[in-house]
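First the structure, in the form of structure tokens, and then the observations on it.
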Amino acid sequence: MRVGIYIDGFNLYYGGRGLIGARGVPGWRWLDLRTLSTNLVAARAAWPSVTSTRVVYCTARIKADADNPAASAPRDQEVYLRALRASASVDEIALGNYVSRVATAPLATANKRKRPVLTRPAWPVMIKDGSDDVPNATFMASVARREEKGSDVNVAAHLLIDVLQGDVDAAVVISNDSDLAFPVAQARLRVPVGTVNPTKGYTAGDLNGSPSDGVGQHWWHQLTTTELRAAQLSANVGRLHKPRAW
């Protein structure tokens with residue numbers, strides 16, 4: 001059985017950080033993606049006789065922070081990408097884009113269910129139109145945002161291309177992005193698919209399904225900190241060294 005592994009890099013990173021419990025905790029980011037993938041597949045008794053895995057890592061290069069040019073994140077990421085290639089931990093790295101922009105939206109706070117509640121004028125801050133109060137006025141706020149673009153599209157594209165061309169007999173998607181619901185559902189019609197949630201939250205509802213959908217033998221799994229820590233590259237990969245904070 002030839003298995004393709006399709007990894008949403010940023011979903012895995014932020015999910016892993018949430019699992020670990022705090023930003024900056026070392027010991028898990030220097031991930032050996034092939035070992036992680038192999039371990040996940042090996043635990044599935046329904047998928048016997050795995051002969052090969054194809055690992056596709058979808059991410060984007062981090063841009064330097066203009067407010068903190070000495071920050072090491074872009075350099076650390078570049079070292080990691082080179083280490084993945086040098087160690088044959090991945091077969092392909094598909095790069096999207098990392099963009100900075102200013103977004104403008106109504107000012108809001110979160111309720112207990114994390115849903116937005118618009119901020120309205122209230123004493124002592126009131127909005128007036130002439131001499132009259134405007135109780136339903138909307139406050140607008142502009143914020144700087146940095147966003148990754150393209151990883152979900154690359155995961156979907158590589159998954160479907162490999163499945164439709166018959167290059168894999170089964171697939172694993174490591175992501176909890178509900179935007180992948182359609183390509184994952186299409187893949188399940190043709191090959192068994194494992195869906196790995198790398199976050200500590202519930203699996204996105206649109207990614208759920210039945211093990212018997214389509215061709216069947218599908219499975220779902222929630223990643224653990226133990227699995228992350230057990231799948232680490234060697235501290236030194238040739239002349240490349242694991243960043244100290246990793």
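Okay, here's what the table says:
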{"read-out": "Within region 31-64, considering residues that are without any contact (Cβ under 8 Å) to a residue 40 or more places away in the chain and not hydrophobic (A, V, I, L, M, F, W, C), the one surrounded by the most Cβ atoms within 10 Å (Cβ to Cβ)", "value": "T38"}
{"read-out": "Residue in region 182-201 that is exposed (fewer than 12 other Cβ atoms within 10 Å of the Cβ) and among the aliphatic types (A, V, I, L, M) present", "value": "yes"}
{"read-out": "Set R34, R44: member being within 30 Å of V215 (Cα to Cα), at pLDDT below 90 and within 25 Å of the chain's Cα centre (by Cα)", "value": "R44"}
{"read-out": "Strands (runs of 3 or more DSSP E) lying entirely in region 65-123 (those with 3 or more residues that are exposed (fewer than 13 other Cβ atoms within 10 Å of the Cβ) and polar (S, T, N, Q))", "value": "97-106"}
{"read-out": "Residue list for region 15-31, filter: under 20 Å from A235 (Cβ atoms) and either at pLDDT 90 or above or of a type in the set (S, T, N, Q) (or both)", "value": "G16, I20, V25, P26, G27, W28, R29, W30, L31"}
{"read-out": "Single residue of R61, R54 found to be at pLDDT 90 or above, over 16 Å from the mean Cα position of the chain (by Cα) and either not polar (S, T, N, Q) or not in a loop (DSSP other than H, G, I, E, B) (or both)", "value": "R54"}
{"read-out": "Evaluation of W28 against (1) in a helix (DSSP H, G or I); (2) buried (at least 17 other Cβ atoms within 10 Å of the Cβ); (3) of a type in the set (F, W, Y) (one fails), failing number", "value": "(1)"}
{"read-out": "Matching residues, region 202-219, being in contact (Cβ under 8 Å) with a residue 24 or more places away in the chain and over 16 Å from D8 (Cα atoms)", "value": "G205, D206, G209, D213, G214, V215, G216, Q217, H218, W219"}
{"read-out": "Residues located in region 215-240, provided they are assigned to a strand (DSSP E or B) and loosely packed, with under 13 Cβ neighbours inside 10 Å", "value": "N236"}
{"read-out": "Candidate set from region 167-178 (those that are in contact (Cβ under 8 Å) with a residue 60 or more places away in the chain and of a type outside the set (A, V, I, L, M)); member that is surrounded by the most Cβ atoms within 10 Å (Cβ to Cβ)", "value": "S175"}
{"read-out": "Meets criteria (touching an Asp or Glu at 6+ places or on another chain (Cβ under 8 Å), buried (at least 20 other Cβ atoms within 10 Å of the Cβ) and either closer than 19 Å to N176 by Cα or of a type in the set (K, R) (or both)) for V3", "value": "no"}
{"read-out": "Residue in region 144-172 that is nearest to E92 (Cα to Cα), counting only those that are of a type in the set (G, A, S) and in a strand (DSSP E or B)", "value": "A171"}
{"read-out": "Region 124-143, subset surrounded by 10 or more Cβ atoms within 10 Å (Cβ to Cβ) and of a type outside the set (V, I, T), residue nearest to the chain's Cα centre (by Cα)", "value": "A141"}
{"read-out": "Subset of region 11-25 that is surrounded by fewer than 21 Cβ atoms within 10 Å (Cβ to Cβ) and of a type in the set (A, V, I, L, M, F, W, C) - its residue that is nearest to P192 (Cα to Cα)", "value": "L19"}
{"read-out": "Lone qualifier among L160, L164 - being at pLDDT 95 or above, in contact with a Lys or Arg (Cβ under 8 Å, 6 or more places away or on another chain) and surrounded by 11 or more Cβ atoms within 10 Å (Cβ to Cβ)", "value": "L164"}
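Matching residues to (1) at pLDDT 90 or above; (2) over 30 Å from R190 (Cβ atoms); (3) among the hydroxyl-bearing types (S, T, Y):
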site	(1), (2), (3)
V79	yes, yes, no
R82	yes, yes, no
A86	yes, yes, no
A94	yes, no, no
A122	no, yes, no
M126	no, yes, no
A141	no, yes, no
S151	yes, no, yes
D169	yes, no, no
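The values are calculated or read from the model by the stated rules, or taken from the named source; none is laboratory data. Predicted, not measured: the structure shown is a model, and the values here were computed from it. Every residue, glycine among them, receives a Cβ derived from its backbone with ideal geometry; neighbour counts consider all protein chains shown.
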